[in-house]
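Trainee: Before I ask anything, here is the structure I am working with.
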Amino acid sequence: MDNNPGTQVNGVPQDQTYDAGIRRMRVTIQSQITPFYSVFLQMGINNQSFISGGGTGTGNSGAGKKAPFFMHDAYNELAIIPRNNFYTGKPNKYNLYLGAGLHSWNGVSRLTNASSTKMLAGDLPIFNFPMIEIADQFSRQLGIFVHGELDRLNYRFSINKPFATSLKPTVGGPAVDNNQSGKLSYAGYVFYQFFNKETTTTAFLPGNYLATKKILNIGTGFYANKDATQTQPSENVFQSHSANIFGADVYSEIPLGDKKKEMGLTLYSVFYNYNYGPNYLRMSGLLNPGTPDPTFTGQRALEGAGNNRVLMGTGNIWFSQVGFVLPKFSTILKVQPFFNYALKDMKALNQSGSYYDVGASFYLYGQNARIVAQYSSRPLYDIVSKTIFDRKGEFLLSLQITL
C-alpha cells in the first residue's frame with residue numbers, strides 16, 4: 001500500500017508498506033431445532049495482520065498476535081408464516097419470521113445486508129454499514145426483527161438498542177458519536193424482485209451470482225437513531241443530533257449470449273444520504289498498519305496515517321459496481337473482471353472525491369473458492385483547505401474460501 005504522508009509503521013517512517021493478514025474468518029452454526037424455531041450463531045475474527053488485531057496481553061513482543069475471537073451473530077428466530085407449508089411442502093406466497101438477539105437484519109440498502117462470501121469485488125466498501133464499529137458490533141446491533149416476503153416484495157425491519165458511545169465534542173467542532181441518552185434505533189429495507197426470486201434464509205444478500213440467474217431488484221431502506229451524536233456550540237453547552245440514513249439501490253444479474261458460454265453481467269448501484277449532525281466525518285483504512293510520524297514536517301493529509309481514507313460522514317455517497325463473467329473456457333475456472341466507483345460529497349469537505357477499484361476474480365469450482373487481484377485509488381484532502389491535493393493507491397491479492 002502507498003501510505004499517506006507522515007506515516008510510520010512499527011515506529012519506522014514508511015512511504016510504502018507490504019502486509020499480510022486475515023481479513024475475515026468465520027465459523028457459522030445454524031440449527032433448525034423445530035420446524036418453527038431456529039438458532040443462528042456466527043463467530044470469528046477480523047483484520048489480523050503483522051501489527052493489528054492483537055488480543056490483550058500480547059504487548060510489544062507481538063502486537064498482531066492472538067486476535068480476539070468474538071460473536072458476530074447470536075439470535076433465535078420463529079416462523080410465524082413459513083416459506084414452505086410444513087405439511088404439504090408447497091411454498092407459501094407470503095411468509096413472516098420474528099427474531100431477537102445480536103443480528104444483522106439491517107436497513108438502508110442491499111449492501112448494508114451484504115454477504116461477505118459472495119462479494120463482487122475484493123471487499124465491501126464499508127461505508128455501506130452506517131454505524132460500523134461505533135454504535136454496532138461489526139454491523140450488528142442487539143434487538144428484535146421481522147423479515148419475510150409479500151409475494152415479490154422482500155422486507156426486513158428491526159428495533160434495536162445501539163451500543164453505547166460517549167465521545168466529547170470540542171467547542172465549535174463537528175458532531176461526534178455520543179448516544180448517552182440511550183434512544184432506540186429503527187431500521188428497514190425492502191426490495192421488489194422483478195424476475196428470479198432470491199432465498200433469504202439468513203440476513204446476508206449476495207452481491208454476485210456469477211450471472212447464473214436473471215435478476216432485477218429495486219430497493220430502498222433507512223436507519224434512524226435519535227440523539228446519536230453531539231456537538232458543543234459553546235463552552236459547556238451540548239446539543240444532540242439524530243442519525244438519519246437513507247438508501248436507494250438497484251441490483252441486476254443478466255446472463256448473456258449462448259447459455260453454454262455462461263457469460264453475464266452483474267450490476268449494482270446505490271445512493272446514500274447520511275445525516276449524523278453538523279460536519280460529521282469519519283476516516284478508516286482496512287488493515288491499516290500506520291500511525292502518525294511525529295518527526296514528519298511535510299504536508300499531512302486530513303485522513304491521517306497509513307491507508308486511511310474519508311469513509312463517510314454527513315453528506316451523500318453514490319456507489320456503483322459492475323462485473324462481467326468471461327466466456328467459459330474451463331470446467332474448473334471462471335474469470336470475472338470488475339470495477340467499482342464511489343463518489344463522496346461530504347458537507348465537511350470543500351470538494352467531492354472519487355474512489356476507484358479495478359480488478360478480477362478467479363473462481364474455482366463455483367463460488368466456494370476465489371483468488372482476487374485488485375488495485376484501489378483514493379484521494380487525499382488538505383487539512384486546511386479541505387480540498388484534494390494528492391492520490392494514493394494499494395494493491396490487494398486475496399484468497400477467499402467458503403466451506
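Trainee: With every protein chain kept in place and ligands, DNA and RNA left out, what is the accessible area per residue of segment 192-324? Probe 1.4 Å, answer in Å².
Mentor: Accessible area per residue: 43 Å².
Trainee: What is the magnitude of the charge dipole of segment 61-162 about its Cα centre, with +1 placed on the Cβ of each Lys and Arg, -1 on the Cβ of each Asp and Glu, and no other charges, expressed in debye to the nearest 20?
Mentor: In total the dipole reaches around 180 debye.
Trainee: How much net charge surrounds residue 154 when only other residues with a Cβ under 14 Å from its Cβ are counted (Lys, Arg +1; Asp, Glu -1)?
Mentor: Net local charge, residue 154 excluded: +2.
Trainee: In nm, give the distance between the simple-model label positions of residue 142 and residue 291, each being 7 Å from the Cα along the Cα-to-Cβ direction.
Mentor: So the label points at residue 142 and residue 291 sit 3.2 nm apart.
Trainee: Considering the values [x] 65, 53, 38; [y] 54, 45, 45; [z] 71, 53, 43, which represents Cα extents along the principal axes in Å as calculated for the structure under consideration?
Mentor: So the calculated entry is the one marked [z].
Trainee: Quickly rank 178-188, 323-333 as a protection proxy: mean count of other C-beta atoms within 10 Å, highest first.
Mentor: Sorting 178-188, 323-333 by mean packing, highest first, produces 178-188, 323-333.
Trainee: Give, rounded to the nearest 20 debye, the magnitude of the charge dipole that segment 7-401 has about its Cα centre when Lys and Arg contribute +1 at Cβ and Asp and Glu contribute -1 at Cβ.
Mentor: Rounded to the nearest 20 debye, it is 960 debye.
Trainee: Then there is this: Would you work out if segment 126-212 is rounded, prolate or oblate? Take a ≥ b ≥ c from the square roots of the eigenvalues of the alpha-carbon gyration tensor; rounded if a/c is under 1.5, else prolate when a/b is larger than b/c, oblate otherwise.
Mentor: prolate
Trainee: Tell me, what is the FRET efficiency for residue 161 and residue 389 to the nearest 0.05, using R0 = 30 angstrom and their Cβ-Cβ distance as r?
Mentor: Efficiency, rounded to the nearest 0.05: 0.10.
Trainee: A follow-up question, please. Straight-line reach from residue 344: which aspartates and glutamates have a Cα under 20 Å away, not including same-chain ones fewer than 8 places off?
Mentor: 123, 249, 303, 357, 382, 390, 394
Trainee: Within a Cβ distance under 15 Å of residue 131, other residues only, what is the Lys/Arg minus Asp/Glu net charge?
Mentor: +1
Trainee: Amide H neighbours of residue 24 under 5 Å, at least 5 residues apart or on other chains, H built in the peptide plane: list them.
Mentor: Here the answer is 47, since their amide H atoms fall under 5 Å of that of residue 24.
Trainee: Among 117, 200, 295, which one moves the most in a GNM of the chain with springs linking Cα atoms closer than 10 Å?
Mentor: Largest GNM mean-square fluctuation: 295.
Trainee: How far is it, in nm, from the label point at residue 365 to the one at residue 345 when both lie 7 Å from their Cα along the line to the Cβ?
Mentor: 4.8 nm
Trainee: Looking at this model, which pairs from 261/334; 118/197; 90/118; 226/386; 260/334; 66/168 are more than 22 angstrom apart at the alpha-carbon?
Mentor: Violating the 22 Å Cα-Cα cut-off are 90/118; 226/386; 66/168.
Trainee: Still on this structure: Near residue 363, within a Cβ-to-Cβ distance under 9 Å, what is the net charge of the other residues, with Lys and Arg +1 and Asp and Glu -1?
Mentor: Neighbourhood net charge equals +2.
Trainee: Another question, if that's okay. Over what distance in Å are the Cα centres of segment 163-217 and segment 346-403 separated?
Mentor: 20 Å
The values are calculated or read from the model by the stated rules, or taken from the named source; none is laboratory data. Here the structure is a predicted model, which is why all the values come from computation and not from measurement. Methodologically, a virtual Cβ is constructed for each residue, glycine included, from the backbone with ideal geometry; neighbour enumeration extends over all protein chains shown. These area figures cover heavy atoms from the full protein model, side chains too; ligands, DNA and RNA do not enter into them. Shrake-Rupley method; radii C 1.70, N 1.55, O 1.52, S 1.80 Å.
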